[in-house]
1. Which condition number in (1) within 26 Å of S139 (Cβ to Cβ); (2) among the small types (G, A, S); (3) surrounded by fewer than 16 Cβ atoms within 10 Å (Cβ to Cβ) is the one that S72 fails?
2. Would you check which residues across the range 83-140 are modelled with pLDDT of 95 or more and of a type in the set (K, R) and list them?
3. Grab the helices (runs of 4 or more DSSP H) fully contained in the range 170-289, keeping just those with 2 or more residues being under 30 Å from G100 (Cβ atoms) and open to solvent by less than 20 Å² (accessible area, probe 1.4 Å).
4. Would you be able to tell me the number of residues in the range 249-270 that are touching a Phe, Trp or Tyr at 6+ places or on another chain (Cβ under 8 Å), of a type outside the set (A, V, I, L, M, F, W, C) and within 18 Å of I87 (Cβ to Cβ)?
5. Give the residue that is modelled with the lowest pLDDT, with candidates limited to residues of the range 199-236 that are within 25 Å of I77 (Cα to Cα) and among the aromatic types (F, W, Y).
6. For a quick check of your reading of the model, give me the residue pairs whose first member lies in the range 24-45 and is among the hydrophobic types (A, V, I, L, M, F, W, C), whose second is in a strand (DSSP E or B) and surrounded by fewer than 18 Cβ atoms within 10 Å (Cβ to Cβ), with beta-carbon atoms closer than 7 Å and at least 6 apart or on different chains.
7. Just one of (1) of a type in the set (A, V, I, L, M); (2) over 27 Å from N127 (Cα atoms); (3) open to solvent by less than 70 Å² (accessible area, probe 1.4 Å) trips up A14, so point out which.
8. Consider Y88 carefully, then state whether it is in contact with a strand residue (DSSP E or B) (Cβ under 9 Å, 6 or more places away or on another chain) and of a type in the set (F, W, Y).
Amino acid sequence: MSLWMNEAVQIMVATNAFGMGIDKPNVKTVIHIHLPESIESYYQEAGRAGRDEQKAFAVILTSPSDKVQAQSQFINILPSKKMLTQIYIKLCTYFQIAYGEGINEQFSFNLNHFCQKYGFSTLNTFNSIQFLDRQGVLSLSQEYSERITMQFIIPSKEVIRYISLNTQEEPIILTILRTYPGIYETQTTINLSLIAKKSGFDETAIHLVLEKIKSLDIIEYHKKNNDATIIFNEIREDEKTINRISKYLETQNQQKINQFDAVLHYINEKKVCKSKLILNYFGEITKTDCGICSYCIAKKDKSENTSLISEKIIGLLKIQDMNSREIQKLTKNTEDDIIFALRNLLDNNIIVALSNNKYTLKL
């Protein structure tokens with residue numbers, strides 16, 4: 001990081017949790033190799049380039065598999081009402097809370113043990129509990145004070161391969177590797193709150209990742225305990241509780257889906273200025289193309305190409321009238337390019353279409 005900030009190196013690989021938040025005014029190019037979660041995220045991250053008001057570029061590299069990967073990362077983890085109900089009821093069962101009871105009761109909570117007991121996905125469960133926390137149904141503490149030591153026990157190239165296949169965990173693992181460079185050689189004590197601050201993830205999420213990669217024999221991982229604390233803020237009412245807050249869940253999920261759909265629209269739309277798409281998304285309507293995005297550059301190139309083809313066509317029609325096939329054969333341009341140029345010449349009253357399907361110069 002310091003080498004990059006001091007201009008000793010020109011390239012830095014960053015995540016939105018680590019690196020993208022660094023304010024460096026003369027960044028020239030920001031390249032995304034994965035789809036962002038939302039236009040808001042992309043706008044903020046791409047905006048890291050060109051803060052010195054000099055020419056800069058923002059690029060998104062995409063492939064056909066990106067949509068599926070991004071849906072798995074951003075959409076498929078959203079809890080449904082049915083899932084939220086199941087998890088809430090199982091939480092109450094897990095702590096033996098009877099219907100109509102439980103208010104202000106406090107419990108130690110091991111998320112992994114809970115998920116294993118009931119066969120729940122840890123990520124979906126964690127997101128569901130976080131939602132219940134945000135709605136005030138319960139409170140989940142995410143403060144840990146235990147001593148944690150760990151060591152990576154597979155080669156670094158295998159760790160990189162794992163990260164490439166599990167991009168959700170990338171910010172946490174990379175933060176640990178960058179904070180503790182000797183973690184391949186020896187058992188290292190890690191500061192969980194520091195990792196949380198640097199990665200942008202809470203400590204519960206970090207525990208989940210560490211438990212997972214431990215189970216895959218990627219690390220040796222030792223800790224005193226893995227307990228959070230849950231406080232129930234309301235009495236248990238099962239479906240009645242969930243029905244009361246489900247409208248907020250539906251709103252949250254739909255907002256996430258809409259944001260992701262907007263990203264797909266931005267990527268797939270080939271006939272509109274990219275700047276217009278972003279401005280329209282944020283509610284600002286403009287009729288002027290920016291002139292510098294990928295669409296505008298391609299449009300400019302096509303316009304220049306059409307101008308050259310039009311000159312060729314005019315030259316041929318000065319000799320004799322011709323149809324489109326004859327023109328294409330002589331110019332060796334594509335059929336689409338010839339048709340586009342002919343339409344342009346017709347619209348500008350430079351040529352006329354004859355009844356025999358040939359074209360002639362307008363007198």
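The values are calculated or read from the model by the stated rules, or taken from the named source; none is laboratory data. All values derive from a computational prediction rather than experimental measurement. All Cβ positions, glycine included, derive from the backbone under ideal geometry; neighbour counts span all protein chains shown. The accessibility values were calculated without ligands, DNA or RNA, using every heavy atom of the protein model including side chains. Shrake-Rupley method; radii C 1.70, N 1.55, O 1.52, S 1.80 Å.
1. So S72 meets the others, but not (1).
2. K90
3. Numbers: elements: 170-179, 192-199, 203-215, 239-268, 274-281.
Passing ranges, in order: 239-268.
4. Within the range 249-270, residues that are touching a Phe, Trp or Tyr at 6+ places or on another chain (Cβ under 8 Å), of a type outside the set (A, V, I, L, M, F, W, C) and within 18 Å of I87 (Cβ to Cβ) number 1.
5. This residue is F201.
6. Close Cβ pairs (under 7 Å, with a partner that is in a strand (DSSP E or B) and surrounded by fewer than 18 Cβ atoms within 10 Å (Cβ to Cβ)) amount to I31/V59.
7. Failing condition for A14: (2).
8. Values: in contact with a strand residue (DSSP E or B) (Cβ under 9 Å, 6 or more places away or on another chain): yes; of a type in the set (F, W, Y): yes.
It is true that Y88 is in contact with a strand residue (DSSP E or B) (Cβ under 9 Å, 6 or more places away or on another chain) and of a type in the set (F, W, Y).
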